[in-house]
Amino acid sequence: MLQKPKGTLDIKGKDAKSYKYIENAFNNFMSLYNYEYIKLPTFEVTELFYRGMGESTDVVNKETYDFIDKSGRKMTLRPEFTAGVVRSFIENKEYTDGIKKYFYFGSSFRYERPQKGRLREFTQGGVEAFGIKNPAFDAEIISMAYRFLSSLGLVNLKVRINSLGDRESRQTYSEMIREYLSKDYDNLCDICKERLNRNPLRILDCKYDGEREYIKNAPKSVDYLNEESKEYYNKVKEMLEVLDIPYIEDSSLVRGLDYYSHTVFEIVSDLEELGKANTVCAGGRYDNLVELLDGPTTPGIGFAFGVERLMILMEELEAFIPEINLDVFIMNLDNNLYSYQVADDLRNSGFTVEIDYTNKNMKALWKLVDKYNPRYVIIIGEDEVKSGYLTVKDNITKEETKVKESEIIDFLDMNI
C-alpha cells in the first residue's frame, strides 16, 4: 500500500478547519498593518539558500532538499521564505519603491528527524519588511507576532529577545565565543565540534550542549555591543514596554542563520507536548542580507511561525476554532433536477448547502442530517416539485414549515 512520505501530513477534517482558520486569521490580521501578500516558487536555485542562509548553517549543511533538474541546474526546495522574498525584492527592483512590507503563507521543506511539531514538509506563515531601520519598528514586529498568536487563543507564550548588534559587534562576539568554547572542545557534542569554526554562535542554543553550565556561563552578546548597537537594543526594549509586550532577555538566543543582526527574538510555548520543538515563532533583523544577495544596502526584518505547531497548541489548549456550519441540507427524495436548481440558487445567494446525490432512503438521509447538523433541512419530493412549496424543517425546534420556492432565500435570510 502506498503511504505518504515520512515527516509529512495529510491535513483534513477537523485539522483542515484549524489550518484554514489560521490562514484566514493571518490574512485578515496582516491587513491591519498594511502588508502585501507574496507567493513564491516552491523551489529556487540552490545558490540562493546557500548564500542567503550561510553555508555554515545546519539547515544548508544537513537539511535542504537539493536536486538537479533536467537541464542540469542545481535546485532546492525552499527551507524557509526569507531568502526567496529578498530575491524577489532585488529581482524586481522594489528597493526603488521605498518601504516594502510582505506577508506569506505556504510549505517549506527540511530533511530532519520527524517528531511532534517538527516535519519535513511544514507550513510557515510570516512577514518580511524592507527599508525601515528603527528600533520602534523592531518592537512593532515583535508585538505583531505576539498579538497575532494571542488572537488565536494562545495564552502560554513567552517572548525571548536578544541583540547580536551590527556587523562589527557580531564579528567581535563570534571571535570571543570561538576562543571561549575552544577551551571546552573535548566536551562538545560532535555536531558542536563541527560548528566551532563554521558557526560558533549556534553552539549557544544547542539543545544538548546549551544546557551545560560552561555554555550557560559563556560571554553574552550584549556585553560586546558597540555603543550604537547598545543604544539601538535599549530603545527596542523601551518600545516593547510602551507596547506592553512582556519579554525575557535571553543571551543564549542567537538564531541559527548567518544573516541576522541586531534584534533577534523567539516566541516559545511551555506546552510539554511540543518537547524541544517548542519555538512557535522566530525572527529578527537582517540588515546585510539584501547586499549579500547582490542588492543595494537595505535594512530588513521579519518573522515566521510554524502552522502545524500552532495547530497542536490550539488543540491542547482547546483554543476557539469556529466550526464551518452548514446552513441547509437538501433531501432530494427522488433524485429530481429541481433540487439541484434550488441548491444552486441558495449557494449563489451565499448559503452553505449540502445535497444528497445518491438517492438514499429516508432513514439514511436522516443519518446524514445528524452527521452534517445543518440549521435547516429542506425536503424536496414529488409534492414539492408540483406545488412549488418546499418543506423546511428547523433542525433545532424540529418544526416544519411550507415555504414558497420563490421566497426561500428571504426566509433563510431572516432566520439564519
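Partners of residue 386 within straight-line reach, counting aspartates and glutamates whose Cα lies under 15 Å from its Cα and excluding those fewer than 8 residues away in the same chain: 334, 405. Against the chain, whose longest principal axis is taken from its Cα atoms, helix 337-348 shows a tilt of about 40°.
Ignoring lysines fewer than eight residues from residue 393 along the same chain, the ones with Cα atoms less than 18 angstrom from its Cα are 363, 367, 371, 402, 404.
Structural size metrics of region 176-278, computed from C-alpha coordinates, are Rg and Dmax of 15.2, 46 Å. Of the solvent-accessible surface of region 355-416, computed with a 1.4 Å probe over protein heavy atoms with every protein chain present, carbon and sulfur atoms account for 48 percent. Its Cα centre serving as origin, the chain has a Cβ charge dipole (Lys and Arg +1, Asp and Glu -1) of approximately 980 debye. Geometric descriptor of the chain, per residue, is 203 Å³ (volume of the convex hull of the Cα atoms).
Here the scattering of region 297-416 is modelled by Debye summation over its C-alpha atoms, one equal scatterer each and no solvent; at q = 0.10, 0.17, 0.19, 0.22 Å⁻¹ the log10 of I(q)/I(0) is -0.42, -0.83, -0.98, -1.25.
Just the number: Rg to Rh for region 278-331, Cα atoms, Kirkwood Rh, two decimals.
Working: Rg = 20.4 Å, Rh = 15.1 Å.
Reported Rg/Rh (Cα atoms, Kirkwood Rh): 1.35.
Could you work out the relative contact order of the chain? I mean the mean sequence separation of Cα pairs under 8 Å and 6+ apart, divided by the number of residues, in percent. Present the calculation step by step, with values, prior to reporting the outcome.
Values: 691 pairs, mean separation 65.9, N = 416.
About 16 percent, as a whole number.
Of the heavy-atom accessible surface of region 173-212 (probe 1.4 angstrom), what whole percent is carbon and sulfur?
Details: 940 of 2140 Å².
Carbon and sulfur atoms account for 44 percent of the accessible area of region 173-212.
Restricting to the chain, compute how many DSSP beta bridges are antiparallel as a %, nearest 5. Before the final figure, lay out the partial values.
Details: 52 of 64 bridges.
About 80 percent, rounded to the nearest 5.
In summary, the convex hull built on the alpha carbon positions of region 376-416 has an orientation-averaged projected area of 2.6 nm². Helix 227-242 and the longest principal axis of the Cα set of the chain meet at an angle near 30°. Each part reduced to its alpha carbon centroid, region 134-168 and region 371-408 end up 52 Å apart.
In the context of the full set of protein chains, the chain has a per residue accessible area of 50 Å² (1.4 Å probe). Across the cross-link table entries 101/158; 360/398; 20/235, which are compared at the Cα atoms, the separations over 32 Å belong to 20/235.
Add -39500 (n - 2.57) for each DSSP H run of 4 or more in the chain, then divide by its residues: what number comes out at 222 nm, to the nearest 500 deg cm²/dmol?
Working: 14 runs with 150 residues, N = 416.
That comes out to -11000 deg cm²/dmol.
The values are calculated or read from the model by the stated rules, or taken from the named source; none is laboratory data. If you're wondering where the values come from, they're calculated on a predicted model, not measured in any experiment. Please note: Cβ atoms are built from the backbone with ideal geometry, for glycine as well, and neighbour counts cover all protein chains shown. Ligands, DNA and RNA are excluded from the accessible area calculation, which covers all protein heavy atoms including side chains. Shrake-Rupley method; radii C 1.70, N 1.55, O 1.52, S 1.80 Å.
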